[in-house]
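Some notes on the structure that comes next.
The values are calculated or read from the model by the stated rules, or taken from the named source; none is laboratory data. On a predicted model such as this, the values are computed, not experimentally measured, just so you know. Here the Cβ is made from the backbone with ideal geometry for all residues, glycine too, and neighbour counts use every protein chain on show.
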Amino acid sequence: MTLTLLFAAGPGTAETYHAPLTEALHAEGLDARIVTEAVPEAVDYILYAPASPLQDFTPYTRTKAVLSLWAGVERIVANPTLTQPLARMVDPSLTRGMVEYVCGHGLRYHLGMDAHIHARPGAWEPVEPPLAPERRVGVMGLGALGRACAEALRDLGFAVSGWSARAKAIEGVTCHHGPDGLKTLLQGSEILVTLLPHTPETETIVNAGTLALLPQGACLINPGRGALIDDDALLAALDNGQIGHATLDVFRTEPLPEAHRYWHHPRVTITPHIAATTRAASAARVLAQNIARVETGQPLLHEVARARGY
Ligand code: NDP
Ligand code: OXD
């Protein structure tokens, strides 16, 4: 039987995915047609991204799963019309991109690169930089991305701690969990990486109270979601020196409006939501493999726990 895959991912995305997805479906032995319009009752799988106009999933009565092209699912997870299973994107290229972003910006802070990049002529003041084992890095969120980043930072030699909802054991990483573990994590994080999903529980988890727990002058790297941060509290902490510098990739409003104070703050680096992008070639393989699993009666991989919101 020919499967019908509805690409509902916003302008241009279907074109980007068509060739790699066709190849990946073929490699899995799947006979499928990829469409951008279909009679809802005929759709077997929906490939979804937040830019999609599709918001009412009610008529998709035959659809076996909605597969998100994004890792973050906060814009679909609470949709009351979505009764079909939802899988989020977990993809080796996405993970590698995030590891490179976090390690790159972490090393920038650790090595104090900015002081040399912006040094005045004649400013010959050698200061011995600390080595990685003397630098304490905290990672909030130890899922597909946070764990990979924690392990890569550990492999660079940093003293890494992590924090998650449920208890974890990661070799060479000090793991904390739950509300009680957060204070300990923050108190020991000279560089803090936030890789949490946006849920009601994580909304503004970086706020005046939690920022005050960090060592003075700590640096923040946020590739998670903008809503994790109370922006006014972060700006106040940057102004008073509690936070030394922040690298922000994600924002409540994207693109970040030109007038936003973050653009103009000397100790904020903005990147335009590029920490890790879903690359069609590798993501197509992930999608095809997941469809093949469902078609052969195996459980969907990376299924979102709707009650948890991620
Ligand atoms: P996962 O779902 O794999 O991991 C989420 C982690 O957060 C888990 O360790 C989970 O804990 C933890 N967590 C969730 N809620 C809480 C809480 N209330 N308290 C403590 N820990 C919590 O997600 P990914 O690692 O794949 O992705 C993380 C986020 O990164 C995405 O949701 C998205 O927002 C963002 N992202 C950003 C990109 C960018 O380019 N900027 C690209 C891709 C993703 P537990 O393990 O115990 O469940
Ligand atoms: C994602 C993202 O969630 O790009 O995949 O932010």
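Summary of values
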item	result
Only one of THR247, THR204 that is closer than 21 Å to ASP180 by Cα and under 22 Å from the mean Cα position of the chain (by Cα)	THR204
Any hit, the range 285-296, residues being within 15 Å of ligand 2 (Cβ to nearest atom), assigned by TED's automatic domain parsing to the domain that holds TYR45 and over 20 Å from TYR101 (Cβ atoms)	yes
Residue within the range 110-118 that is surrounded by 21 or more Cβ atoms within 10 Å (Cβ to Cβ), within 13 Å of ligand 2 (Cβ to nearest atom) and of a type outside the set (Ser, Thr, Tyr) present	no
Tally of residues being surrounded by fewer than 20 Cβ atoms within 10 Å (Cβ to Cβ), of a type in the set (Val, Ile, Thr) and more than 18 Å from SER282 (Cα to Cα) across the range 76-102	2
Selection from the range 190-217 of residues that are more than 8 Å from ligand 1 (Cβ to nearest atom) and in contact with a Phe, Trp or Tyr (Cβ under 9 Å, 6 or more places away or on another chain)	GLU190, ILE191
